[in-house]
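Trainee: Here's a structure for you.
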Amino acid sequence: MNNESRWRPYIAGALVGVLAIASVWATTKYSGKGQYLGASTTFVRAAGLAEEKVAPEHVAGNAYYTKEKVKVDWQMMLVIGVALGAGAAALVRKDFKAEMVPPIWKERFGSSMALRALFAFLGGAVAMFGARLAGGCPSGHGLSGIMQLSVSGLIAMAGFFGAGVIVANLLYRKSGKGGA
Amino acid sequence: MTTELWLGLGTGIIFGILLQQGRVARYEKQVGAMLFRDMTIFKFMLTAIMVGMVGLHLLAQYEVISLSIKGTVLGANIIGGILFGMGWAVMGYCPGTSLAALAEGRFHAIWAILGMLVGAAAYAETYPSLKENILTWGDYGKITLPGILEVSPWLVIAGFIVGFLGLFAIFEKKGV
């Protein structure tokens, strides 16, 4: 491992820390409400916006959609920005790489795109249900919550990682190699 | 578009660049941490938390900003946390990194994103019944670690920094 790639995650992480502080400061100053990094509520609002196309009354009558407000907000713009920023950085740094199945998944479970799609879909559904129940994801609870020393952030992050370790080991332990 | 929305977009673009450059929006890195083979995502997250906790508490102390603490509900935090962790290990992304992964060419992240949208809609449907039970189990309100320990936040921050630096030393020694 060369020196540059060794320090890379620490430097990028430190800059995310600065970004989190700057974001709360700027939104407090210019919009009156401090905004903390997060991502999972956007999936609720996006699902609500999609459902509104087919069943507007149903969305209007749903207690959770009413509570979280189905609209384009600061966090949804943040999530859109994440895709734009990551895509631009990947193109500029020539890191863009089309991949249909992750290499370590392929080594363990074969190269079927349908199998990978099915598991990613089911995993995503369970994870997002859990994130909304817990009240946040690794951004909202993990980063923003723990930065503020909130008890909920610490408990949720312990749950995220603890369950992740168990399931990842059930999936991969016998493969012996692969990984990073 | 309002100033708030522009700030969201700008912050997101920088966040996306840093997620991409930090190499964390990758299935191998996310699952690698759960297998203790590659702790990249923890180096990234814990450094961000370390810097963020100092800056946010300084700004809050001088009343430039106010903190926004999410409530602690043990039942919801623990059960939701475990469900998230199980799904996270299988899809290999978290909500924020899934978009960054898709944008850097990991097209399989689209299935995870679609699944997460369905999961969010399913949660909205079950919310009225959860509200009566799991979402009330062990409700302690907006508590913080220094609050329940009755100590200065700076003491807790110092403790976390020492702990995180210790973890970094272990990661570097083991080469993970």
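Trainee: Please count how many residues of segment A:127-157 are without any contact (Cβ under 8 Å) to a residue 40 or more places away in the chain, open to solvent by 10 Å² or more (accessible area, probe 1.4 Å) and in a helix (DSSP H, G or I).
Mentor: The qualifying residues number 6.
Trainee: Right, here's the next one. For B:E125, indicate whether it is part of a helix (DSSP H, G or I), among the acidic types (D, E), closer than 30 Å to A:A86 by Cα and more than 7 Å from chain A (Cβ to nearest Cβ).
Mentor: For B:E125, the condition - part of a helix (DSSP H, G or I), among the acidic types (D, E), closer than 30 Å to A:A86 by Cα and more than 7 Å from chain A (Cβ to nearest Cβ) - is not met.
Trainee: For segment B:102-129, which residues satisfy the criterion of being aromatic (F, W, Y) and open to solvent by 40 Å² or more (accessible area, probe 1.4 Å)?
Mentor: Within segment B:102-129, B:F107, B:W111 qualify.
Trainee: I've got another one for you. Just the residues that are open to solvent by less than 70 Å² (accessible area, probe 1.4 Å) and more than 7 Å from every other protein chain (Cβ to nearest Cβ), please, taken from segment B:137-159.
Mentor: B:G138, B:G141, B:G147, B:V151, B:S152, B:I157, B:A158, B:G159
Trainee: Return only the number of the condition from (1) closer than 18 Å to A:G124 by Cβ; (2) in the same structural domain as B:W154 (by TED's automatic domain parsing); (3) aliphatic (A, V, I, L, M); (4) free of Cβ contacts under 8 Å to residues at least 12 places away in the same chain that B:L58 does not satisfy.
Mentor: (1)
Trainee: Which number in (1) in a helix (DSSP H, G or I); (2) touching a residue at least 40 places away in the same chain (Cβ under 8 Å); (3) among the polar types (S, T, N, Q); (4) within 8 Å of another protein chain (Cβ to nearest Cβ) marks the one condition that A:T41 misses?
Mentor: Going through the list (1) in a helix (DSSP H, G or I); (2) touching a residue at least 40 places away in the same chain (Cβ under 8 Å); (3) among the polar types (S, T, N, Q); (4) within 8 Å of another protein chain (Cβ to nearest Cβ), A:T41 breaks only (4).
Trainee: Let me ask something else about it. Name the single residue that is most open to solvent (accessible area, probe 1.4 Å) among those in segment A:1-30 being more than 30 Å from A:F129 (Cβ to Cβ) and touching a Leu at 6+ places or on another chain (Cβ under 7 Å).
Mentor: Looking at the filtered set, the residue picked out is A:Y30.
Trainee: Listed residues A:A55, A:A50, A:A39; which is within 20 Å of B:L114 (Cβ to Cβ), within 20 Å of the chain's Cα centre (by Cα) and either open to solvent by 30 Å² or more (accessible area, probe 1.4 Å) or among the aromatic types (F, W, Y) (or both)?
Mentor: A:A50
Trainee: Would you mention how many residues in segment B:162-176 are at pLDDT 95 or above and open to solvent by less than 50 Å² (accessible area, probe 1.4 Å)?
Mentor: Number of matching residues: 6.
Trainee: Of the conditions (1) out of contact with any Phe, Trp or Tyr (no Cβ under 9 Å at 6 or more places or on another chain); (2) more than 8 Å from every other protein chain (Cβ to nearest Cβ), A:V59 fails just one. Which one is it?
Mentor: (1)
Trainee: Still on this structure, please answer the following. Can you tell me which residues in segment B:133-149 are more than 14 Å from B:I78 (Cα to Cα) and assigned to a helix (DSSP H, G or I)?
Mentor: B:L145, B:P146, B:G147, B:I148, B:L149
Trainee: Give segment A:23-37 a look and list any residue that's at pLDDT 95 or above and more than 8 Å from chain B (Cβ to nearest Cβ), or say none.
Mentor: Selection gives A:K29 alone.
Trainee: Could you check how many residues of segment A:81-126 are free of Cβ contacts under 8 Å to residues at least 24 places away in the same chain, within 21 Å of A:R173 (Cβ to Cβ) and among the hydrophobic types (A, V, I, L, M, F, W, C)?
Mentor: 8
Trainee: Based on this model, can you work out whether A:V70 counts as under 15 Å from the mean Cα position of the chain (by Cα) and either facing chain B (nearest Cβ under 7 Å) or surrounded by 18 or more Cβ atoms within 10 Å (Cβ to Cβ) (or both)?
Mentor: no
The values are calculated or read from the model by the stated rules, or taken from the named source; none is laboratory data. Predicted model only: the values in this text are computed from it and were never measured. Reconstructed Cβ throughout: ideal geometry from the backbone, glycine too, with neighbour counts over all protein chains shown. Each accessible area value is taken on the protein alone, full model and side chains, heavy atoms only, with ligands, DNA and RNA left out. Shrake-Rupley method; radii C 1.70, N 1.55, O 1.52, S 1.80 Å.
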